[in-house]
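Asker: Dumping the structure here so I can ask a few things about it.
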Amino acid sequence: MPHIAILASPAPEALQAKHTLKTLYPTVRPEEADILIALGGDGFMLETMHGALSSKIPIYGIHCGSVGFLMNELAPHDLMLRLEKAKPSVLHPLEMQTQQKNGILAKALAFNEVSLLRESRQAAKLQIAVDGVVRLEELVCDGILLSTPAGSTAYNLSAHGPIIPLSAPLLALTPISAFRPRRWKGALLPENAQVQFTILEPDKRPVSAVADFTEVRNVTSVTVRQSKENAVTLLFDHEHNLDERILREQFLG
């Protein structure tokens with residue numbers, strides 16, 4: 001039997017599930033665990049993933065929140081059997097490096113996406129370069145995002161970006177309400193591509209950059225690449241693994 005630690009969001013459903021599981025199974029502290037059990041929604045799962053980066057302990061999420069794409073269903077009485085049969089998915093985050101108008105540099109990681117968003121009523125103006133080559137001289141838009149396959153069914157899908165199979169070595173570059181060029185729908189990029197966004201007219205058209213839940217405001221440039229040095233392992237019930245969920249999502253109306 002693996003040593004498990006149970007982490008729960010503040011949601012009442014998650015706290016109740018934590019109480020139920022602790023009455024059924026022995027638990028240890030997170031740093032002593034073989035597997036972390038995360039109870040909540042996708043937002044809490046993202047927090048847990050970021051927190052587990054250094055420990056590299058696999059995470060098994062259980063849906064006790066509003067959105068549970070990265071989670072498994074709650075079934076307390078057969079948890080150990082499900083853990084034994086679970087299928088692992090290794091996810092590498094994106095690394096965002098920003099420079100602000102005051103010259104300050106900052107870094108953050110994103111397992112879903114890095115998004116650039118206008119801060120005012122003025123549309124953002126962005127220049128986009130891939131691996132040092134300018135591919136779009138000027139994009140006028142509400143914003144843009146670069147998504148991982150795991151995050152392609154989240155904000156990226158809401159912005160009409162493509163769903164990417166988990167095994168595909170691709171990233172989705174998706175504009176948010178593009179005004180000019182109006183017909184540009186984005187691009188699929190190799191996972192090892194480095195993307196640089198330069199903010200045009202940053203004083204008149206301020207832009208913020210967001211990596212999952214880390215926001216940096218008033219940026220002048222943002223560089224994004226996949227971080228191969230960092231990874232987390234998520235565990236999924238075999239019959240509802242992450243590859244299957246992403247594939248199934250493409251056939252939903």
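The values are calculated or read from the model by the stated rules, or taken from the named source; none is laboratory data. Worth saying up front: this structure is predicted, and the values here are computed from it rather than measured. Virtual Cβ from ideal backbone geometry, glycine too; neighbours counted across all protein chains shown.
Asker: Tell me which of these Ile163 doesn't satisfy, since it passes every other one: (1) buried (at least 22 other Cβ atoms within 10 Å of the Cβ); (2) closer than 21 Å to Val90 by Cα; (3) of a type in the set (A, V, I, L, M).
Answerer: Unmet for Ile163, out of (1) buried (at least 22 other Cβ atoms within 10 Å of the Cβ); (2) closer than 21 Å to Val90 by Cα; (3) of a type in the set (A, V, I, L, M): (1).
Asker: Could you please let me know if Thr223 is within 29 Å of Ile57 (Cβ to Cβ), outside any loop (DSSP other than H, G, I, E, B) and modelled with pLDDT of 95 or more? Break it down stepwise before answering.
Answerer: Numbers: within 29 Å of Ile57 (Cβ to Cβ): no; outside any loop (DSSP other than H, G, I, E, B): yes; modelled with pLDDT of 95 or more: yes.
So Thr223 fails the test.
Asker: Among the residues of region 20-29, is there at least one that is part of a strand (DSSP E or B), surrounded by 13 or more Cβ atoms within 10 Å (Cβ to Cβ) and among the polar types (S, T, N, Q)? First the steps, then the outcome.
Answerer: Initially, region 20-29 is screened for residues part of a strand (DSSP E or B), giving 27.
The next check asks that each one be surrounded by 13 or more Cβ atoms within 10 Å (Cβ to Cβ); those that pass are 27.
Checking which are among the polar types (S, T, N, Q) leaves us with 27.
Yes, because at least one residue in region 20-29 is part of a strand (DSSP E or B), surrounded by 13 or more Cβ atoms within 10 Å (Cβ to Cβ) and among the polar types (S, T, N, Q).
Asker: Scan region 202-221 residue by residue and report those that are farther than 19 Å from Ser54 by Cβ, out of contact with any Leu (no Cβ under 6 Å at 6 or more places or on another chain) and β-branched (Val, Ile, Thr). Spell out how you get there, then give the answer.
Answerer: If we filter region 202-221 for residues that are farther than 19 Å from Ser54 by Cβ, which is where we start, we get 202-210, 215-221.
Going one step further and asking which of them are out of contact with any Leu (no Cβ under 6 Å at 6 or more places or on another chain), we end up with 202-206, 210, 215-221.
Residues satisfying the conditions are Val210, Val216, Val219, Thr220.
Asker: Of the numbered conditions (1) in contact (Cβ under 8 Å) with a residue 12 or more places away in the chain; (2) in a loop (DSSP other than H, G, I, E, B), Arg183 satisfies every one except a single condition; which is it?
Answerer: Among (1) in contact (Cβ under 8 Å) with a residue 12 or more places away in the chain; (2) in a loop (DSSP other than H, G, I, E, B), Arg183 violates only (1).
Asker: Give region 199-247 a look and list any residue that's under 24 Å from Met80 (Cβ atoms) and surrounded by fewer than 18 Cβ atoms within 10 Å (Cβ to Cβ), or say none. Working first, answer last.
Answerer: Filtering region 199-247 down to residues under 24 Å from Met80 (Cβ atoms) leaves 232-245.
Matches in region 199-247: Thr233, Asp237, His238, Glu239, His240, Asp243, Glu244, Arg245.
Asker: Residue check: is Glu13 charged (D, E, K, R), surrounded by fewer than 20 Cβ atoms within 10 Å (Cβ to Cβ) and either part of a strand (DSSP E or B) or touching a Phe, Trp or Tyr at 6+ places or on another chain (Cβ under 8 Å) (or both)? Give the steps one after another, and end with the answer.
Answerer: On the way: charged (D, E, K, R): yes; surrounded by fewer than 20 Cβ atoms within 10 Å (Cβ to Cβ): yes; either part of a strand (DSSP E or B) or touching a Phe, Trp or Tyr at 6+ places or on another chain (Cβ under 8 Å) (or both): no.
Taking the combined requirement at face value, the residue does not satisfy it.
Asker: Name the one entry in Ala172, Ala129 that is outside any loop (DSSP other than H, G, I, E, B) and touching a Pro at 6+ places or on another chain (Cβ under 6 Å).
Answerer: Numbers: Ala129 fails: touching a Pro at 6+ places or on another chain (Cβ under 6 Å).
On inspection, the qualifying residue turns out to be Ala172.
Asker: Let me ask something else. Hey, Gly151 hits all of (1) surrounded by 16 or more Cβ atoms within 10 Å (Cβ to Cβ); (2) free of Cβ contacts under 8 Å to residues at least 60 places away in the same chain; (3) in contact with a Leu (Cβ under 8 Å, 6 or more places away or on another chain) but one; which does it fall short on?
Answerer: Among (1) surrounded by 16 or more Cβ atoms within 10 Å (Cβ to Cβ); (2) free of Cβ contacts under 8 Å to residues at least 60 places away in the same chain; (3) in contact with a Leu (Cβ under 8 Å, 6 or more places away or on another chain), Gly151 violates only (3).
Asker: Within region 198-227, track down each residue that is within 25 Å of Pro149 (Cβ to Cβ), acidic (Asp, Glu) and in contact (Cβ under 8 Å) with a residue 60 or more places away in the chain.
Answerer: Asp212, the sole residue that qualifies.
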